[in-house]
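Asker: To start, I am sharing the structure in question, which I have written as structure tokens.
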Amino acid sequence: MTRNLEKCLKLVEEDRAITSPAAKVPYYPLVVKKGRGAVIEDVDGNAYIDLLSSAGAINTGHCHPRVVEAIKKQAEDLILYTHVYMYHEPIIDLTKELIAISPGDYRKRVFYGLCGSDANDGAIKMARTYKKRPKILSFIRSYHGSTYGALSLSGVSLPMHRGLGPLLPEIYHVPYPDPYRPPVPGMSPDQVSDYCIDYIRTAFSNHIPADEVAAVFIEPIQGDAGLVVPPKKFLQDLRKLCDENGILLFSEEVQQGFGRTGKWFGIENFDVVPDAIILGKAIASGLPLGGCVARAELMDEWEAPSHLFTAAGSPVCCAAAVATIGVIRDENLLQHTAELGASVKARFEEMQKKYELIGDVRGIGLSIGVDLVKNRDTRERHREAAAKIAYRAWEKGLLLSFFSGSVLRIQPPLVVTKEQMDVALDRIEESIEDFVKGRIPDSVLETVKGW
């Protein structure tokens, strides 16, 4: 595919010279100009099917007309008057919607922020304040964001932490059950689950007293670790373990929420009701908003100004979020996501039979990871394959990325059509074939850094 990239390449060089490298994980020299639905266009007029959804933040598709109209209408009346001091109707409308769609039939309250990262920070504060316990459990290879609290919860990347300490104290990381890469080779998924639960019980008995633990933060699908889906048994046993010890269970839904898995929230796939859900990314179809829905008693006695931001829950962002929920509901995107996701996963499983480098295909709904390996027996990650395949797919008109070093990330907008996904899957398979046949030069690795 021949494309003009003249303006893209020029702007990429300008950006590199003046913005922080700490905020950039590049895949290819793409400068986005506009987007509609599941397609984006660069500044040189090249179109791409989007399989990334702006890191999972655009579930309703780019510039959905209903969301755009809500933003325009609200911006004409009021862009911001801080909810810290005053009140506005859009935040009340959104809060009612979030309470209605979130799991659990208990009384709920909501707090707002600007993104998933600060929502995690707020949840740490909320748990410690309510339980009057200092300790928090999170998971190895988890990702919760880049503010200091979220960074302290995260356990997925050394560059995220190196040179930034000390991080928040009293946050401990325990193993997350990965059925594809178990702690002991040959373990069944249930054995992996039991291993991880036993690890936590052992920690409680030796160096992390359970009665000092306020909360456990868990991604129902571990996102940036490579879309690792835990056994249902693990989440159910973890819920029981928390209940036994008076510990709160928080489901971190920043990446898996708002329909991504074919349900409103990822935790619903496991028949577990958490004490809170932490929100971000797709909540407002691209506008900066995050928050947390929790049992009301966790916030009933929480005093200001413990967790507030001037622009948190702005009228424009809240209006966009209400429209987002409406689009997901009215366009039946939960069912569409479940059905299309099953079809996409099946297509990758067919590819897995043809290509030895596909070690594992996993995921729920339109949150699918394709794990590339050098050897199916050792399951060693194949970063070179992931980088080259993602780059070649971009050359063929797809926005395909990878994370965890080797996992192709399939998270398109939920409005993507089957026809668009069929085209995308054909081009991915062509890119895999190009890699296998040695047709992708090593020079692309100078551009692709990846995650």
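Asker: Given the conditions (1) among the small types (Gly, Ala, Ser); (2) within 26 Å of Ile267 (Cα to Cα); (3) surrounded by 20 or more Cβ atoms within 10 Å (Cβ to Cβ), which single one is not true for Ser343?
Answerer: Among (1) among the small types (Gly, Ala, Ser); (2) within 26 Å of Ile267 (Cα to Cα); (3) surrounded by 20 or more Cβ atoms within 10 Å (Cβ to Cβ), the lone unmet condition for Ser343 is (3).
Asker: Further question: Looking at region 346-369, which of the residues that are touching a strand residue (DSSP E or B) at 6+ places or on another chain (Cβ under 7 Å), crowded, with 20+ Cβ neighbours inside 10 Å and of a type outside the set (A, V, I, L, M, F, W, C) is farthest from Phe265 (Cα to Cα)?
Answerer: Gly359
Asker: Within region 40-65, take every residue that is more than 22 Å from Lys418 (Cβ to Cβ) and hydrophobic (A, V, I, L, M, F, W, C) and give me the one that is surrounded by the fewest Cβ atoms within 10 Å (Cβ to Cβ).
Answerer: Val43
Quick grid of which residues meet (1) part of a strand (DSSP E or B); (2) without any contact (Cβ under 8 Å) to a residue 24 or more places away in the chain; (3) in the same structural domain as Glu170 (by TED's automatic domain parsing):
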{"site": "Val216", "(1), (2), (3)": "yes, no, yes"}
{"site": "Pro220", "(1), (2), (3)": "no, no, yes"}
{"site": "Lys240", "(1), (2), (3)": "no, yes, yes"}
{"site": "Asp243", "(1), (2), (3)": "no, yes, yes"}
{"site": "Ser251", "(1), (2), (3)": "yes, no, yes"}
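Asker: Only one of Ala127, Ala150 is under 12 Å from Cys292 (Cβ atoms) and touching a residue at least 12 places away in the same chain (Cβ under 8 Å); which?
Answerer: None of the others qualify; the one that does is Ala127.
Asker: Got a sec? Which of Leu94, Leu151 is modelled with pLDDT of 95 or more and either surrounded by fewer than 24 Cβ atoms within 10 Å (Cβ to Cβ) or not in a helix (DSSP H, G or I) (or both)?
Answerer: Testing whether each residue is modelled with pLDDT of 95 or more and either surrounded by fewer than 24 Cβ atoms within 10 Å (Cβ to Cβ) or not in a helix (DSSP H, G or I) (or both) leaves just Leu151.
Asker: Failed condition for Ala304, given (1) assigned by TED's automatic domain parsing to the domain that holds Ile410; (2) not in a helix (DSSP H, G or I), with all others met?
Answerer: Here Ala304 meets the rest and fails (1).
Asker: Filter region 302-337 down to residues that are among the polar types (S, T, N, Q) and over 21 Å from the mean Cα position of the chain (by Cα) and give me whichever is nearest to Arg260 (Cα to Cα).
Answerer: Asn332
Asker: Then there's this: Can you confirm whether Leu445 is closer than 18 Å to Leu30 by Cα and surrounded by fewer than 16 Cβ atoms within 10 Å (Cβ to Cβ)?
Answerer: yes
Asker: Yes or no: region 385-394 includes at least one residue that is of a type outside the set (Phe, Trp, Tyr) and within 18 Å of Thr261 (Cβ to Cβ).
Answerer: Among the residues of region 385-394, not one is of a type outside the set (Phe, Trp, Tyr) and within 18 Å of Thr261 (Cβ to Cβ), which makes the answer no.
Asker: Specify the residue that is surrounded by the fewest Cβ atoms within 10 Å (Cβ to Cβ); the eligible residues are those in region 182-193 that are touching a residue at least 12 places away in the same chain (Cβ under 8 Å) and part of a loop (DSSP other than H, G, I, E, B).
Answerer: The qualifying residue surrounded by the fewest Cβ atoms within 10 Å (Cβ to Cβ) is Pro183.
Asker: How many of the residues making up region 220-248 are under 22 Å from Lys135 (Cβ atoms) and either more than 19 Å from the chain's Cα centre (by Cα) or among the aromatic types (Phe, Trp, Tyr) (or both)?
Answerer: Count: 13.
Asker: Can you confirm whether Pro179 is buried (at least 16 other Cβ atoms within 10 Å of the Cβ), out of contact with any Ser or Thr (no Cβ under 7 Å at 6 or more places or on another chain), modelled with pLDDT of 95 or more and farther than 29 Å from Phe204 by Cβ?
Answerer: Considered against the rule, which asks whether it is buried (at least 16 other Cβ atoms within 10 Å of the Cβ), out of contact with any Ser or Thr (no Cβ under 7 Å at 6 or more places or on another chain), modelled with pLDDT of 95 or more and farther than 29 Å from Phe204 by Cβ, Pro179 comes out as no.
Every residue, every condition in (1) without any contact (Cβ under 8 Å) to a residue 60 or more places away in the chain; (2) not in a loop (DSSP other than H, G, I, E, B), yes or no:
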{"position": "Leu80", "(1), (2)": "no, no"}
{"position": "Val84", "(1), (2)": "no, no"}
{"position": "Tyr87", "(1), (2)": "yes, no"}
{"position": "Pro90", "(1), (2)": "no, yes"}
{"position": "Phe111", "(1), (2)": "no, yes"}
{"position": "Asp118", "(1), (2)": "no, yes"}
{"position": "Asp121", "(1), (2)": "no, yes"}
{"position": "Ile136", "(1), (2)": "no, yes"}
{"position": "Tyr143", "(1), (2)": "no, no"}
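Table: residues versus (1) among the hydrophobic types (A, V, I, L, M, F, W, C); (2) part of a loop (DSSP other than H, G, I, E, B); (3) in the same structural domain as Pro26 (by TED's automatic domain parsing); (4) more than 19 Å from the chain's Cα centre (by Cα).
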position: Glu339; (1), (2), (3), (4): no, no, yes, yes
position: Glu349; (1), (2), (3), (4): no, no, yes, yes
position: Arg362; (1), (2), (3), (4): no, no, yes, no
position: Val370; (1), (2), (3), (4): yes, no, yes, no
position: Arg379; (1), (2), (3), (4): no, yes, yes, yes
position: Ile389; (1), (2), (3), (4): yes, no, yes, yes
position: Gly405; (1), (2), (3), (4): no, yes, yes, no
position: Val416; (1), (2), (3), (4): yes, yes, yes, no
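Asker: Confirm whether Ala282 is at pLDDT 95 or above and buried (at least 23 other Cβ atoms within 10 Å of the Cβ).
Answerer: So Ala282 passes the test.
Asker: OK, next. Check whether at least one residue in region 253-267 is surrounded by 23 or more Cβ atoms within 10 Å (Cβ to Cβ), closer than 14 Å to Phe139 by Cβ and among the acidic types (Asp, Glu), and report yes or no.
Answerer: no
Asker: Can you work out which of the residues in region 285-301 that are of a type in the set (A, V, I, L, M) and over 25 Å from Arg133 (Cβ atoms) is surrounded by the most Cβ atoms within 10 Å (Cβ to Cβ)?
Answerer: Top of the filtered list is Leu289.
Asker: Another question, then. Would you mind finding the one in Tyr48, Tyr28 that is under 20 Å from Ile428 (Cβ atoms), in contact with an Asp or Glu (Cβ under 9 Å, 6 or more places away or on another chain) and in a loop (DSSP other than H, G, I, E, B)?
Answerer: Result of the check over Tyr48, Tyr28: Tyr28.
The values are calculated or read from the model by the stated rules, or taken from the named source; none is laboratory data. Predicted, not measured: the structure shown is a model, and the values here were computed from it. Cβ: placed from backbone, ideal geometry, glycine included. Neighbour counts: every protein chain shown.
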